[in-house]
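Novice: Encoded as structure tokens, here's the structure I'll be asking about.
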Amino acid sequence: MNWDAVGAIAELLGAIGVIGSLIYVASQVRASTVASKVESKLRLTQNMVDYDDLLISSPELNKIMIDGRKSIETLSKSEYLQFSNLALKACWYLSSG
């Protein structure tokens, strides 16, 4: 066997190694993307639960939220401001997920 044949075999093995490495990196990127999506959905779900807990823990706020969603015109000025803050807080919770 001459040195040209040895060099060709080494290049072939190197190319196979590079292709194997690329396949491995692609699978890791795919797994990372899936994990990131799952984490994002879990964070959003936790934020929604936290917001619901806020409403459940305060019957007054829950009533204002329900009344405001039915008809915002029926709210007093104070209730309107509370409803606005609750709606803003809901947007913050849902946008941070």
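Novice: Which ones in the stretch 58-84 are within 26 Å of the chain's Cα centre (by Cα) and modelled with pLDDT of 90 or more?
Specialist: 84
Novice: Also: Checking the structure you have, find out if any residue of the stretch 52-67 is touching a Gly at 6+ places or on another chain (Cβ under 6 Å) and on the phi < 0 side of the Ramachandran plot.
Specialist: There is no residue in the stretch 52-67 that is touching a Gly at 6+ places or on another chain (Cβ under 6 Å) and on the phi < 0 side of the Ramachandran plot.
Novice: Filter the stretch 63-93 for residues that are over 21 Å from residue 46 (Cα atoms) and among the basic types (Lys, Arg); which is surrounded by the most Cβ atoms within 10 Å (Cβ to Cβ)?
Specialist: The selected residue is 63.
Novice: Determine which single condition residue 94 fails, assuming it passes every other condition in (1) touching a Gly at 6+ places or on another chain (Cβ under 7 Å); (2) touching a residue at least 12 places away in the same chain (Cβ under 8 Å).
Specialist: (1)
Novice: Hey, residue 35 hits all of (1) farther than 30 Å from residue 93 by Cα; (2) among the hydrophobic types (A, V, I, L, M, F, W, C); (3) surrounded by 10 or more Cβ atoms within 10 Å (Cβ to Cβ) but one; which does it fall short on?
Specialist: Looking at each condition in turn, residue 35 falls short on (1).
The values are calculated or read from the model by the stated rules, or taken from the named source; none is laboratory data. Treat the numbers as computed from the prediction; the structure is a model and nothing was measured. Quick reminder, even Gly has a Cβ in these numbers, built from the backbone with ideal geometry, and neighbours come from all protein chains shown.
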